[in-house]
1. Starting at the first residue of segment 76-87, write each ³J(HN,Hα) from the Karplus equation 6.51 cos²θ - 1.76 cosθ + 1.60 with θ = phi - 60°, in whole Hz, x for Gly and Pro.
2. Please give me, ordered by residue number, the trypsin sites (Lys or Arg not before Pro) of segment 7-90 that lie in loop per DSSP and have at most 12 other Cβ atoms within 10 Å.
3. Where does the charge balance sit around Asn60 when Lys and Arg score +1, Asp and Glu -1, over other residues with C-beta under 14 Å from its C-beta?
4. Where the only charges are on Cβ atoms (+1 Lys, Arg; -1 Asp, Glu), what is the dipole of the chain about its Cα centre, to the nearest 20 debye?
5. When only DSSP loop residues count, what chymotrypsin sites (Phe, Trp or Tyr not before Pro) in segment 1-92 have their Cβ near at most 14 other Cβ atoms within 10 Å?
6. Compute the convex hull volume of the Cα atoms of the chain, divide it by the residue count, and report the result per residue in Å³ as a whole number.
7. Apply the Karplus parameterisation 6.51 cos²θ - 1.76 cosθ + 1.60, with θ equal to phi minus 60°, to every residue of segment 120-130 and state each ³J(HN,Hα) to the nearest whole Hz, in sequence, with x for glycine and proline.
8. Using only the Cα atoms of segment 54-126, what do you get for the radius of gyration and for Dmax, in Å?
Amino acid sequence: MSPREVRSDAAPKAIGPYSQAVIASCAKLVFTAGQLGIDAGTGALVEGGIEAQTRRAVENLRAVLESAGSGLDRVVKTTVFLADMNDFAKMNAVYGSFFSGPAPARSAVEVRRLPKDALVEIECVAEIPS
């Protein structure tokens, strides 16, 4: 079976040649694109700094995962891209409020610049229940 694209109107539309997420049917996994702290209704980054952008990025991930038949409770791996590693502790506090039980494996890296000059971008891999 071919990979299946996932689209959610509750998360910002892709702004380039990529999908919000793709389901790998043979593996029962969904691989999301990175989500920024963008309000899906306005297309603008949310105000309020790293905490607000992290919260919105994870909420956008949740919307995409739910459209794929999954959820934050099924996430097995995330990658967090930060414009400034000095924001790690603030991002981590907000991020941690979304995950309970065994937390997903995670990598966090500082990058020179993110689309729209965002402060954070988060992508994930999650299971899709049978």
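1. 10, 7, 10, 10, 10, 10, 10, 6, 8, 4, 5, 8
2. On the way: sites: Arg7, Lys13, Lys28, Arg55, Arg56, Arg62, Arg74, Lys77, Lys90; in loops: Arg7, Lys13, Lys28.
Sites meeting the loop and neighbour criteria: Lys13.
3. Working: positive: Arg7, Lys13, Arg55, Arg56, Arg62, Lys116; negative: Asp9, Asp39, Glu59, Glu66, Glu121, Glu123.
Cβ neighbours under 14 Å give a net charge of 0.
4. Numbers: 14 positive and 15 negative charges, 61 e Å.
Its charge dipole is roughly 300 debye.
5. Details: sites: Tyr18, Phe31, Phe81, Phe88; in loops: Tyr18.
For chymotrypsin sites (Phe, Trp or Tyr not before Pro) across segment 1-92 that sit outside H, G, I, E and B with at most 14 neighbouring Cβ atoms in 10 Å, the list reads Tyr18.
6. Values: hull volume 13.0 nm³, N = 130.
So the per-residue Cα hull volume is 100 Å³.
7. 8, 9, 10, 10, 8, 10, 9, 7, 10, x, 5
8. Every Cα atom of segment 54-126 included, Rg and Dmax give 11.9, 35 Å.
Coordinate-derived values only; no laboratory data. Remember, predicted model here, so these are calculated numbers, not experimental data. Ideal geometry is used to build each Cβ from the backbone, glycine not excepted, and the neighbour counts take in all protein chains shown.
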